[in-house]
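The values are calculated or read from the model by the stated rules, or taken from the named source; none is laboratory data. Since the model is a prediction, treat every value here as computed from it, not as a measurement. Counting neighbours? That spans all protein chains shown, and the Cβs are built from the backbone with ideal geometry, glycine included. We work out accessible area using only protein heavy atoms, side chains counted, and drop any ligands, DNA or RNA first. Shrake-Rupley method; radii C 1.70, N 1.55, O 1.52, S 1.80 Å.
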Amino acid sequence: MNRPYIFCHMMTSIDGKIMGSYMETPEGNAAGDVFYNIAFGSHPYYKHQGWLSGRVTTDDNFTNYQKPELDDNAPLVPEGDFIAVNNAEKYYVSVDPSGRLGWKSNTLTYGDTTAHVLEVLTGKASNAYKAFLRKLNISYMIAGEDSLDYAIAMEKVKTMFGIETLMLGGGGVLNWSFIQAGMCDELSVVIAASADGSSETPALFETRGGLAGDSPVGFTLKNAEVKEGGSVWLRYTVKN
């Protein structure tokens with residue numbers, strides 16, 4: 001298998017939402033701590049070298065919808081990929097096909113975890129955006145011309161950056177896209193003992209905008225544990 005072992009690790013409300021005001025309840029906060037400690041923290045269950053999220057999830061959590069500082073007159077950058085750091089302890093792999101995220105640094109901090117930013121682009125990303133990433137010493141790879149080629153992206157993640165185990169961390173469209181592509185091996189879900197009933201917030205899996213198919217997929221339960229705050233941690237293998 002010329003790609004990392006990929007597990008999707010998410011926290012949801014009882015009604016399957018991955019964002020929302022339920023996260024601000026005592027039960028939501030308790031589940032959030034459980035979620036973090038499973039994959040990060042000082043003694044995580046998963047020993048992964050990076051985690052991957054989509055552009056919207058990245059903007060929601062890290063880049064805050066800031067615009068990149070582009071120089072449209074930047075000299076033409078070399079073709080292909082750019083490896084700024086190939087031995088980081090942890091990578092944050094950001095799927096940003098058109099090159100729109102406004103990074104300020106080549107690292108980010110999540111809790112007590114620091115990660116080197118690795119952008120996954122397509123041929124739609126401009127020369128100005130790639131020059132912007134190079135100026136910040138942010139690694140990037142090209143995976144597909146007009147749309148993301150998951151197989152190429154995951155092969156490069158493994159062969160170029162040494163990522164053997166990768167966490168898939170949302171949003172719902174990206175999660176489902178990987179499952180539909182047969183490229184997610186395991187599902188880990190922490191369900192908070194709270195909900196807010198919103199119909200506007202994203203779910204664990206989504207096909208929004210026709211970006212992924214809606215073929216049903218089965219899962220095999222591996223383990224279930226009751227955790228703090230009435231939360232539950234469920235682990236499944238994906239029936240690819």
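Some observations on this one:
- Among the residues of segment 35-46, none is identified as more than 18 Å from the chain's Cα centre (by Cα) and open to solvent by less than 70 Å² (accessible area, probe 1.4 Å).
- Count of segment 94-141 residues which are touching a helix residue (DSSP H, G or I) at 6+ places or on another chain (Cβ under 7 Å), without any contact (Cβ under 8 Å) to a residue 60 or more places away in the chain and not aliphatic (A, V, I, L, M): 8
- Residue identified as assigned to a loop (DSSP other than H, G, I, E, B) and within 27 Å of Gly182 (Cβ to Cβ) among Leu70, Leu118, Leu148: Leu148
- Residue check for Gly111: open to solvent by 10 Å² or more (accessible area, probe 1.4 Å), under 18 Å from Ala212 (Cα atoms) and modelled with pLDDT under 95: no
- Scanning segment 135-152 for residues that are open to solvent by 10 Å² or more (accessible area, probe 1.4 Å) and of a type in the set (S, T, N, Q), we see that the one that is nearest to Ala224 (Cα to Cα) is Ser147.
- Total residues in segment 1-16 satisfying the condition of being assigned to a loop (DSSP other than H, G, I, E, B) and buried (at least 23 other Cβ atoms within 10 Å of the Cβ): the figure is 2.
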